[in-house]
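Chemist: So that we are looking at the same thing, I have put the structure below in structure tokens.
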Amino acid sequence: MAASKLRKSGLVELGELDSIIGYQLRRAQSAYFHSFSRRLGHHNITPGQFGLLVKIKNNPGISQTALARAEGIERSTLGEIIDRFDARDLVERRRHTEDARAYALHLTSQGREFLQQVTPEVSDNELEVTRNLNQEERNTLLALLKKLTI
């Protein structure tokens, strides 16, 4: 398509960006986050926060340090997020049984209820975002993405 037609249609020529995986991943992530925000924004949760709550649910008593390491974020950043979860009564900190200096994280009953409520909406969002993929393509995409994070 000619450059003038691209500009008029609101599209731009991507050039080498069209074949750069990192660029396409960022675009896909942006589309996913936008869809997630539209669908779940009223719950005041982001995809990353949802992931943290699921990890706490599946690893009761996990230390903040271990969770920060698993998430690939700074402990101080995680601490701020946990403070917000605590203020919403979604997560509680307890003294770690093996290290009195550390906190063990647990979902509260409200946190478990919150996850039960939002998880179906997250699943619906997944279906919406991957609507152009058949099940085999979705499985392949998921497997390939997992390979990139090993």
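Chemist: When you go through (1) within 21 Å of Tyr32 (Cβ to Cβ); (2) in contact with a Ser or Thr (Cβ under 7 Å, 6 or more places away or on another chain); (3) among the β-branched types (Val, Ile, Thr) one by one for Thr119, which number turns out not to apply?
Modeler: Tallying (1) within 21 Å of Tyr32 (Cβ to Cβ); (2) in contact with a Ser or Thr (Cβ under 7 Å, 6 or more places away or on another chain); (3) among the β-branched types (Val, Ile, Thr), Thr119 fails exactly one: (2).
Chemist: Does Glu126 meet the test of being free of Cβ contacts under 8 Å to residues at least 40 places away in the same chain, assigned to a helix (DSSP H, G or I), within 17 Å of Arg27 (Cα to Cα) and of a type outside the set (A, V, I, L, M, F, W, C)?
Modeler: Considered against the rule, which asks whether it is free of Cβ contacts under 8 Å to residues at least 40 places away in the same chain, assigned to a helix (DSSP H, G or I), within 17 Å of Arg27 (Cα to Cα) and of a type outside the set (A, V, I, L, M, F, W, C), Glu126 comes out as yes.
Chemist: Which ones in segment 129-149 are surrounded by 14 or more Cβ atoms within 10 Å (Cβ to Cβ) and outside any loop (DSSP other than H, G, I, E, B)?
Modeler: Val129, Arg138, listed by residue number.
Chemist: Can you say whether Leu25 is surrounded by fewer than 14 Cβ atoms within 10 Å (Cβ to Cβ), under 27 Å from Val129 (Cα atoms) and modelled with pLDDT under 90, as far as the supplied structure shows?
Modeler: Details: surrounded by fewer than 14 Cβ atoms within 10 Å (Cβ to Cβ): yes; under 27 Å from Val129 (Cα atoms): yes; modelled with pLDDT under 90: no.
So Leu25 does not fit the description; no.
Chemist: If you don't mind, another one. I need a count of the residues in segment 79-93 that are surrounded by 19 or more Cβ atoms within 10 Å (Cβ to Cβ) and touching a helix residue (DSSP H, G or I) at 6+ places or on another chain (Cβ under 6 Å).
Modeler: Here is the first cut: in segment 79-93, the ones surrounded by 19 or more Cβ atoms within 10 Å (Cβ to Cβ) are 81-82, 85, 90-91.
Subset that is touching a helix residue (DSSP H, G or I) at 6+ places or on another chain (Cβ under 6 Å): 90-91.
Final tally of qualifying residues: 2.
Chemist: Would it be correct to say that Arg94 is in contact (Cβ under 8 Å) with a residue 24 or more places away in the chain and under 15 Å from the mean Cα position of the chain (by Cα)?
Modeler: Working: in contact (Cβ under 8 Å) with a residue 24 or more places away in the chain: yes; under 15 Å from the mean Cα position of the chain (by Cα): no.
No.
Chemist: Select from segment 42-80 the residues that are of a type in the set (Lys, Arg) and touching a residue at least 24 places away in the same chain (Cβ under 8 Å) and list them in ascending order. Lay out the reasoning, then the answer.
Modeler: Here is the first cut: in segment 42-80, the residues of a type in the set (Lys, Arg) are 55, 57, 69, 75.
Across segment 42-80, the qualifying residue is only Lys57.
Chemist: Something else: Would you mind stating whether Asn132 is of a type outside the set (A, V, I, L, M), modelled with pLDDT of 95 or more and touching a Phe, Trp or Tyr at 6+ places or on another chain (Cβ under 7 Å)?
Modeler: Against the criterion (of a type outside the set (A, V, I, L, M), modelled with pLDDT of 95 or more and touching a Phe, Trp or Tyr at 6+ places or on another chain (Cβ under 7 Å)), Asn132 does not qualify.
Chemist: Hey, another quick one. Residue check: is Asp99 surrounded by fewer than 11 Cβ atoms within 10 Å (Cβ to Cβ) and over 24 Å from the mean Cα position of the chain (by Cα)?
Modeler: For Asp99, the condition - surrounded by fewer than 11 Cβ atoms within 10 Å (Cβ to Cβ) and over 24 Å from the mean Cα position of the chain (by Cα) - is not met.
Chemist: If you scan segment 47-72, which residues turn out to be farther than 15 Å from Leu115 by Cβ, within 16 Å of the chain's Cα centre (by Cα) and surrounded by fewer than 15 Cβ atoms within 10 Å (Cβ to Cβ)?
Modeler: Residues satisfying the conditions are Arg69, Ala70, Gly72.
Chemist: Hey, which of the helices (runs of 4 or more DSSP H) in segment 18-103, taking only ones fully inside, have at least 1 residues that are in contact with a strand residue (DSSP E or B) (Cβ under 8 Å, 6 or more places away or on another chain)? Give the derivation first.
Modeler: Details: elements: 21-40, 47-58, 64-71, 75-87.
Answer list for segment 18-103: 47-58, 64-71, 75-87.
The values are calculated or read from the model by the stated rules, or taken from the named source; none is laboratory data. For clarity, every value in this text was computed on a predicted model and none was experimentally measured. Virtual Cβ from ideal backbone geometry, glycine too; neighbours counted across all protein chains shown.
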